[in-house]
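Trainee: Below are the structure tokens for one structure; questions will follow.
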Amino acid sequence: NPSVEVVATLDRYFDAMAGPIQAHGGEVLKFIGDGLLAIFRVEDGNTLEAACRRALTAAENAFAGLHELNQGRAIAGVAPLKVGIGLHVGKVVVGNIGSAQRLEFTVVGDTVNIASRLETLTRALDCRIAVSDAALTEARLHDPALSRFEAAGDRRLDGREQTLSVHIWPPKT
């Protein structure tokens, strides 16, 4: 049954992506189709720098799990799954949002919108991760190894007037 296989594939994919998020102190808030929304909070002694580093590390580690999943798909003669991750830093509104009949715990705000548009940008830039300069700058404060992210210049994101300085990984070859 094709529907059963789609659900099984999504479950394996979400395991590969959500595991590193949770292992690095992030929270998966929701699954949206074949995407997910996660946050890394700045609270309880966690600094903004640490939250950004954890998010970047989780994103990179998620690709190790995806690689394993795609190896199994290759053996089965099935096309690999391609994923893009958008990362941004900023304030969000957190809470139960929805209708009187159905509330959902989530985050909203411009930070979420920018992260979503960065994820979309990964396709155009042919990269796995697109991160805002603001998030990468915070993460780099004590981690010069993050220079593996390449500047992709100022980019106009869908639905936005202003450009945003973006970095990508892995860089185009």
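The values are calculated or read from the model by the stated rules, or taken from the named source; none is laboratory data. Values in this document were obtained by computation on a predicted structure and should not be read as measured data. Glycine gets a Cβ as well: all are built from the backbone with ideal geometry, and neighbour counts include every protein chain shown. Surface accessibility is based on the protein's heavy atoms, side chains included, excluding ligands, DNA and RNA. Shrake-Rupley method; radii C 1.70, N 1.55, O 1.52, S 1.80 Å.
Trainee: Could you tell me the relative contact order of segment 1-141? Use alpha-carbon pairs under 8 Å, at least six residues apart, and round to a whole percent.
Mentor: 22 percent
Trainee: Starting with the highest mean, order 97-106, 21-30, 5-14 by the number of other Cβ atoms within 10 Å, averaged over the residues of each peptide.
Mentor: Peptide ranking by packing, descending: 21-30, 5-14, 97-106.
Trainee: Measuring from the lowest to the highest alpha carbon on each principal axis, how far does segment 1-111 reach, largest first, in angstroms?
Mentor: On the principal axes, segment 1-111 reaches 45, 38, 21 Å in Cα extent.
Trainee: Can you give me the Kirkwood hydrodynamic radius for segment 22-173, using every pair of distinct Cα atoms, in Å to one decimal? Can you show the working numbers first?
Mentor: On the way: mean 1/r = 0.0606 Å⁻¹.
By the Kirkwood definition, the hydrodynamic radius is 16.5 Å.
Trainee: Could I ask something else about it? Please work out the FRET efficiency for the pair residue 92 and residue 11, using the Cβ-Cβ distance as r and a Förster radius of 22 Å; give the result to the nearest 0.05. Write down the numbers at each step before the final one.
Mentor: On the way: r = 27 Å, r/R0 = 1.24.
So, using R0 = 22 Å, E works out to roughly 0.20.
Trainee: Then there's this: For segment 10-47 and segment 95-118, what is the separation of their Cα centres, given in Å?
Mentor: A separation of 15 Å, based on Cα centres.
Trainee: So, one more: Heavy atoms only, probe 1.4 Å: what % of the accessible area of the chain goes to carbon and sulfur, would you let me know?
Mentor: Taking all protein chains in place, the chain shows 52 percent carbon and sulfur surface.
Trainee: So what is the 222 nm mean residue ellipticity for the chain from helices alone, if each DSSP H run of at least 4 adds -39500 (n - 2.57) and you divide by all residues, rounding to the nearest 500 deg cm²/dmol? Mind showing how you got there, number by number?
Mentor: On the way: 4 runs with 74 residues, N = 173.
-14500 deg cm²/dmol, from helical runs alone.
Trainee: Leaving out ligands and nucleic acids, and using a 1.4 Å probe, what accessible area per residue does segment 46-150 come to in Å²?
Mentor: Result: 54 Å² per residue.
Trainee: So between residue 158 and residue 31, what do we pick up on full extension, going 0.36 nm a residue minus the alpha carbon distance?
Mentor: In short, 43.5 nm is gained.
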